[in-house]
Amino acid sequence: MGENFYLKLPQADDITKISDIPLAIEDGINTPARLCVRYRFNRRQAFYYLQAAESLGLIFRRANKYSLTREGRRYTSLTPVRRKEILVRSMLFSPIVARIILELLISPHNRLTRRQVMDIAAAHAGISGTTIPRRVQSLFSWLSWLSEETGLLNVSKANISMTVSSRTQHSS
């Protein structure tokens with residue numbers, strides 16, 4: 001990774017609302033102002049949730065309105081169970097989530113502390129100060145949701161670990 005390349009960290013932490021954004025867009029709720037009404041958000045929160053759905057490849061911005069991507073149109077046509085599959089896949093392909101999974105795979109005991117995740121966020125997302133714990137909290141929300149949906153991770157307030165070790169044990 002080049003020095004000038006930074007990973008985007010999520011700022012929206014309610015996965016249920018993130019998963020509903022494409023459905024809202026399909027219903028014509030395609031501006032931050034309209035989202036504020038639907039979810040009782042302030043304007044800043046509306047942008048966070050729109051950015052989250054955009055980072056997952058479900059929507060895109062054109063001028064001051066948002067539209068569905070091809071994947072977003074497919075997403076809205078599916079059952080809730082199939083939508084969750086798309087969200088899981090999209091989150092796993094998200095560069096910051098992929099980076100955390102990579103770090104878990106190569107770390108001793110397949111475990112990262114919250115401090116280690118904060119260090120990864122600071123180093124790879126170009127953030128500092130009080131922004132780090134806030135963004136890492138959102139990232140932990142995403143990882144907790146992935147844990148519930150896949151069983152791949154164990155997530156607590158203090159750390160994240162893989163449920164299955166990446167190292168094979170050989171019996172002698």
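Would you check if Ser128 is crowded, with 16+ Cβ neighbours inside 10 Å, in the same structural domain as Ala158 (by TED's automatic domain parsing), over 19 Å from the mean Cα position of the chain (by Cα) and among the small types (Gly, Ala, Ser)? Spelling it out, it is not the case that Ser128 is crowded, with 16+ Cβ neighbours inside 10 Å, in the same structural domain as Ala158 (by TED's automatic domain parsing), over 19 Å from the mean Cα position of the chain (by Cα) and among the small types (Gly, Ala, Ser).
The residues of the stretch 13-39 that are part of a loop (DSSP other than H, G, I, E, B) and modelled with pLDDT of 95 or more, listed by number, are Asp14, Asp27, Gly28, Ile29, Asn30, Thr31. Within the stretch 63-77, the set of residues being more than 16 Å from Thr16 (Cβ to Cβ) and modelled with pLDDT of 95 or more comprises Lys65, Tyr66, Ser67, Leu68, Thr69, Arg70, Glu71, Gly72, Arg73, Arg74, Ser77. Residues in the stretch 74-83 that are assigned to a helix (DSSP H, G or I), surrounded by fewer than 15 Cβ atoms within 10 Å (Cβ to Cβ) and not polar (S, T, N, Q): Pro80, Val81, Arg82. Of all the numbered requirements in (1) surrounded by 16 or more Cβ atoms within 10 Å (Cβ to Cβ); (2) closer than 21 Å to Gly57 by Cα; (3) aliphatic (A, V, I, L, M); (4) out of contact with any Lys or Arg (no Cβ under 8 Å at 6 or more places or on another chain), Ile86 misses one, and that requirement is (4).
Here is the figure for the stretch 85-123: residues that are of a type outside the set (S, T, N, Q), within 20 Å of Thr150 (Cβ to Cβ) and over 13 Å from the mean Cα position of the chain (by Cα) total 10.
The values are calculated or read from the model by the stated rules, or taken from the named source; none is laboratory data. What you are looking at is a predicted structure, and each value in this text was computed from that prediction instead of being measured. In this analysis, Cβ positions are derived from the backbone assuming ideal geometry, glycine residues included, and neighbour counts consider all displayed protein chains.
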